[in-house]
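The values are calculated or read from the model by the stated rules, or taken from the named source; none is laboratory data. These numbers come from a predicted model, not from an experiment. Note: ideal-geometry Cβ built from the backbone for every residue, glycine included; neighbour counts use all protein chains shown.
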Amino acid sequence: MKNENENEKPILKTSIVTPDALYEMVYDDTAHKSSFVKISRDGTIESDLDEVQLDGKRYKPLPSTYNLVEKGVILFPSLATEYENEEEILKEIQAFIHKYLDISEVFEQIATYYVLFTWMFDKFNEVPYLRAIGDFGSGKSRFIQAIGILCYKPVFTGGATTPSPIFRIINEVHGTLIIDEADFKFSDMTSEIVKILNTGYQKGMPVLRSEGKGTFEVKAYDVFCPKIVATRETFSDKALESRFLVEEMGAGKLRADIPRTLGEDFYKEAERIRNKLLMWRLKNYFEPIERREELIDGIHPRLNQIVIPLLSIIKDEAIREHLKSFIVRYNTDLVADRGLSWESDIVFSILKLEHQTGLSEITVKQITDEVNRESDLSDDTLQARKVGWYLRTKLQLKPYKTRKGFVLSFKENRKRLDMWKERFGITDADIRGEQVNDVNVVNDAVDTDSNPSDELPF
């Protein structure tokens, strides 16, 4: 006698999580067959499950004929493969990225840890994003290919994709969203993608969309997932910009050993690594994760916040310290880039004048003279009116008018000055004018005698 639910249409899923088990879809491209791999909370693993019955419902993996599977829009492991240890997986990820992608040594390491994180992202409440920025031909597409292909259920989309299917795919698959050329042509498309990026970094923040003709049915889409994006320009939304770990592409000549085209070996190597990463997910999913809340000294608070999930998935303390050292170096690069602005020069001059004069307030003219004196650009100077504009508009500081002109009170602007000091990476030693070799901060944590381009020095 058949069960009542056998005649019901099965529900298609790529993964299922219950209190007692985790089911993950695998797809064998050679055999054109999809199935589930299951791990129970006690560690028992079962493979080749064509169907799962839970609470009177039937669940099946996406069939091999499913368009997004057949066309490789969504990629899956082909099976769960045993691995030696976490270090070995990280080395394989890093070696693969290094083989096919020319990026900075620091970001190569960050990307390695990010790949591992995507396979456990659903255990966290926040996710960071990765982004490549650069012009045409700078290597952005290779960036998202070489990193994205190793991630958890990568979903590959391009700038020609309309937002509507993106909402649906993320909601159903909950994998890693890969967006190439995210500088969408039309502003309405851009705003929809920005919604996905702005709300999708945090769990429990669905996007509400009104759909249907005449019915105006409101649907909630869960867009929480890791995202890897390639753009030519920055986003105007500064809050969104702060969600990304960014690599600038095309700054130098392409490494001679980078393959110019991607052959079958690229896809087979990636599949082998994904198979090991699936086993890593299965074995670690029901293990407790200690959320690492410790602050990394000397880095921007937002950067510290977005790397907490990466630090938390790694159990080995030595590997965590290694990641921290690279984050410090990445922060140094960010500060250096951010420091090339009038805003940072103005804040630095204000803090320096506070230290030198000991006054409770200074004039905008004093600030202007100090900025121009410190500037390396002898043919490019600021006028007091322009400095006043920067203070009010860009830095949200509040000068006020007195008999001696516009002045800035340190006490009234203390909180915001301290915020800008931290954001621009200005140290007390900088303000005092002491000679400090910033590299020493990094060298304490990184062995500079090692070869950083070859492999992770575990």
request  = Could you figure out which of (1) more than 16 Å from the chain's Cα centre (by Cα); (2) more than 29 Å from Pro288 (Cβ to Cβ) isn't true of Glu92?
outcome  = (2)
ask   = What number of residues within the range 344-358 satisfy the criterion of being of a type in the set (Gly, Ala, Ser), surrounded by fewer than 22 Cβ atoms within 10 Å (Cβ to Cβ) and without any contact (Cβ under 8 Å) to a residue 40 or more places away in the chain?
value = 1
Answer residue from the range 67-118, given it is more than 29 Å from Ser34 (Cβ to Cβ) and of a type in the set (Asp, Glu) and is surrounded by the fewest Cβ atoms within 10 Å (Cβ to Cβ) among those = Glu105
note = Checked the range 93-140 for anything closer than 21 Å to Leu240 by Cα and of a type outside the set (A, V, I, L, M, F, W, C); matches are Tyr114, Thr118, Asp122, Asn125, Glu126, Pro128, Tyr129, Arg131, Gly134, Asp135, Lys140
inquiry  = Quick check on the range 385-417: of everything there that is more than 14 Å from Ile367 (Cβ to Cβ) and in a helix (DSSP H, G or I), which residue is nearest to the chain's Cα centre (by Cα)?
reply    = Arg416
query = Take the residues of the range 40-66 that are touching a Lys or Arg at 6+ places or on another chain (Cβ under 9 Å) and of a type in the set (Ser, Thr, Tyr): which is surrounded by the fewest Cβ atoms within 10 Å (Cβ to Cβ)?
reply = Thr44
note = Scanning the range 106-151 residue by residue, the ones that are in contact with a Lys or Arg (Cβ under 6 Å, 6 or more places away or on another chain), closer than 27 Å to Met205 by Cβ and among the aliphatic types (A, V, I, L, M) total 1
note = Considering residues that are of a type in the set (A, V, I, L, M, F, W, C), in a helix (DSSP H, G or I) and within 16 Å of Thr332 (Cβ to Cβ), the number found within the range 418-433 is 1
ask   = Just for the range 229-254: of the residues that are among the acidic types (Asp, Glu) and modelled with pLDDT of 80 or more, which one is farthest from Ile97 (Cα to Cα)?
value = Glu248
